[in-house]
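Okay, structure first, notes after.
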Amino acid sequence: MVRTLRSAIEGGKVAHAYLFSGPRGSGKTSAAKIFARCMNCERGPTAEPDNTCAACVAMLEGTALDVLEIDAASNRGIDEIRSLRDAVKFPPSVMRKKIYIIDEAHMLTKEGANAFLKTLEEPPEHALFILATTEPERLPITILSRCQRYAFRRIAIPVMIERMREIAAAENIAVEESALAAIAYRADGGLRDALTMLEQAAAYGDGRVDAAAIESAFGSNGREMALRLRDDVLRRDAGAMLRTIEEASDAGIEPATLLRALLGAMRNLLVARIDPDLLARDSAPEDAAEATARAQEIESTTVLPLLRVLTDAATLARGGDARL
Ligand SMILES: [Zn+2]
């Protein structure tokens, strides 16, 4: 993605509209801001903005008049989109391009989307639109088809753990390995969320972070309980299952959370049987090892029906139609 954008910038082949899609915290908005500096740096357009010229500094400080960040989910954003059609006609005041970064683009109202579409159909030469969204499928096809699309990936657990470990070392935070894993799972692919949690937990624990502190600060995500429940299920011990569910409920774990965690634990067993390396690529090392060892003791044919039952239960819990 970086390579493609870089060669577009260097070759002067930048499109009018881009769509960056991907999960929360996968870097969409950060990338959009860097892209804006690439285009508007006084020494640009360049793939390596200097970050020191007046234009870069204004963009970094968020004071650049020619770079507008619009949150499509906010009331102000709705007004800004409405006025965009007229405003976009005026050339940039000081910079090379007038850049609109539209965050949460899937939240555009129907009216907003229509107004925006008119602009996208005949974009002025000086305008560049960068849409960021977690749910591209909710955008009208008429808008999608006019954007160059880039999909941002969620960041794998081991990568996230490694990054947090570096930051913890630099910031003198004493953090347990199990706490890093606990944060990484909670952040669900979003590095920004992970770093915020690490920072909060460090403040809470006075520079020390362990897994118990994470649980008490952010609530349980049910992983421990789900692993116990998984083993109860594999042993076909209904009494133990009920006791575990009861205990999880007493600990304040939402049934839906427990169900999701259990589904994840079962899926990991299946993946571990088929391709342990794949599991290791997106799990904390000790979890991958545990699931891989456990998977040796069971048959895929045991896990598949369980996954089906759990998936149906999850669908029902969301109020959808399961196959009954
Ligand atoms: Zn610059």
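Just so you know, all these numbers are worked out from the coordinates, no wet-lab data involved. The structure displayed is predicted, hence computed values, not measured ones. Positions of Cβ are backbone-derived with ideal geometry, glycine not excepted, and every protein chain shown enters the neighbour counts.
First measure r as the distance between the Cβ atoms of residue 217 and residue 71, then evaluate 1/(1 + (r/R0)^6) with R0 = 22 Å and state the FRET efficiency to the nearest 0.05. Please report the intermediate quantities before stating the final value.
Details: r = 28 Å, r/R0 = 1.25.
Step by step, r from the Cβ atoms, then E = 0.20.
Mind checking which helices in the chain clear 27 Å along their axis (Cα) and have mean Kyte-Doolittle hydropathy of 1.0 or more, DSSP H runs only?
Numbers: long enough: 255-274 (29 Å, 1.04).
Correct list, ordered by number: 255-274.
Give me the net charge for the shell around residue 276: Cβ to Cβ below 13 angstrom, other residues only, Lys and Arg +1, Asp and Glu -1.
On the way: positive: 273, 281, 294; negative: 275, 277, 282, 287, 290.
With Lys, Arg at +1 and Asp, Glu at -1, the neighbours total -2.
At a Cα cut-off below 16 Å, give the lysines reachable from residue 98, other chains included and same-chain residues fewer than 8 away excluded.
Result set, ordered by chain and number: 33, 89.
By counting other Cβ atoms within 10 Å of each Cβ, how are 175, 2, 88, 303 ranked from fewest to most?
Numbers: 175 25, 2 10, 88 18, 303 21.
Fewest-to-most Cβ neighbours within 10 Å comes out as 2, 88, 303, 175.
For region 119-174, what class follows from the C-alpha gyration tensor (a ≥ b ≥ c being the square roots of its eigenvalues): rounded when a/c is under 1.5, otherwise prolate if a/b is larger than b/c, else oblate?
Prolate.
In which sequence would 185, 204 go, from the one with the fewest C-beta neighbours within 10 Å to the one with the most? Please list the in-between numbers first.
Numbers: 185 21, 204 15.
Ordered by Cβ neighbours within 10 Å, fewest first: 204, 185.
Using the number of other C-beta atoms within 10 angstrom as an exposure proxy, rank 35, 152 with the fewest first. Write down the numbers at each step before the final one.
Working: 35 22, 152 19.
Ranked by crowding around the Cβ, least crowded first: 152, 35.
How large is ³J(HN,Hα) for each residue in region 124-135, as worked out from phi by the Karplus curve 6.51 cos²θ - 1.76 cosθ + 1.60 (θ = phi - 60°), to whole Hz, x for Gly and Pro?
x, 3, 8, 9, 9, 10, 10, 9, 10, 8, 8, 10
Could you tell me which trypsin sites (Lys or Arg not before Pro) in region 151-249 are loop residues by DSSP with no more than 16 other beta carbons within 10 angstrom of their beta carbon? Write out the running numbers ahead of the final one.
Numbers: sites: 153, 154, 163, 165, 186, 192, 208, 223, 228, 230, 235, 236, 243; in loops: 153, 154, 235, 236.
Answer by residue number: 153, 235, 236.
Which value, in Å³ per residue, describes the convex hull spanned by the Cα atoms of region 2-151? Display every interim value, and only then the final one.
Values: hull volume 15.5 nm³, N = 150.
Dividing the Cα hull volume of region 2-151 by its residue count gives 103 Å³.
Kindly write out, for region 137-154 in residue order, the coupling ³J(HN,Hα) from the Karplus curve 6.51 cos²θ - 1.76 cosθ + 1.60 (θ = phi - 60°), rounded to whole Hz, with x marking Gly and Pro.
5, 8, 7, x, 4, 4, 7, 3, 5, 9, 10, 7, 9, 10, 9, 8, 9, 5
Quick check on region 180-324: take the gyration tensor over C-alpha atoms, sort the square-rooted eigenvalues as a ≥ b ≥ c, and tell me if it's rounded (a/c under 1.5), prolate or oblate. The partial results should precede the final answer.
Details: a/c = 1.82, a/b = 1.43, b/c = 1.27.
Taking the square roots of the gyration eigenvalues as a ≥ b ≥ c, region 180-324 is prolate.
Pulled fully out, how much extra length does the chain show between residue 46 and residue 312, if you take 0.36 nm times their separation in residues and subtract their Cα-Cα distance?
Details: separation 266, 0.36 × 266 = 95.76 nm, distance 5.11 nm.
Result: 90.6 nm gained on full extension.
How many percent of DSSP beta bridges within the chain run antiparallel, rounded to 5? Present the calculation step by step, with values, prior to reporting the outcome.
Numbers: 0 of 21 bridges.
Antiparallel: roughly 0 percent of the beta bridges in the chain.
Kindly provide the Kirkwood hydrodynamic radius of the chain in Å, to one decimal, from all pairs of distinct alpha carbon atoms.
Working: mean 1/r = 0.0441 Å⁻¹.
After inverting the mean inverse Cα-Cα distance, the result is 22.7 Å.
Using a Förster distance of 35 Å, how high is the FRET efficiency between residue 256 and residue 286, based on the Cβ-Cβ distance and rounded to 0.05?
Numbers: r = 26 Å, r/R0 = 0.74.
In this case the efficiency is close to 0.85.
For residue 138 and residue 208, compute 0.36 nm times the residue count separating them, minus their Cα-Cα distance, and round to one decimal in nm.
Details: separation 70, 0.36 × 70 = 25.20 nm, distance 4.19 nm.
That works out to 21.0 nm of additional length.
Helix-only mean residue ellipticity at 222 nm, the chain, DSSP H runs n ≥ 4 weighted -39,500 (n - 2.57), per residue, nearest 500. What is it?
Using -39500 (n - 2.57) per qualifying helix, the result is -17500 deg cm²/dmol.
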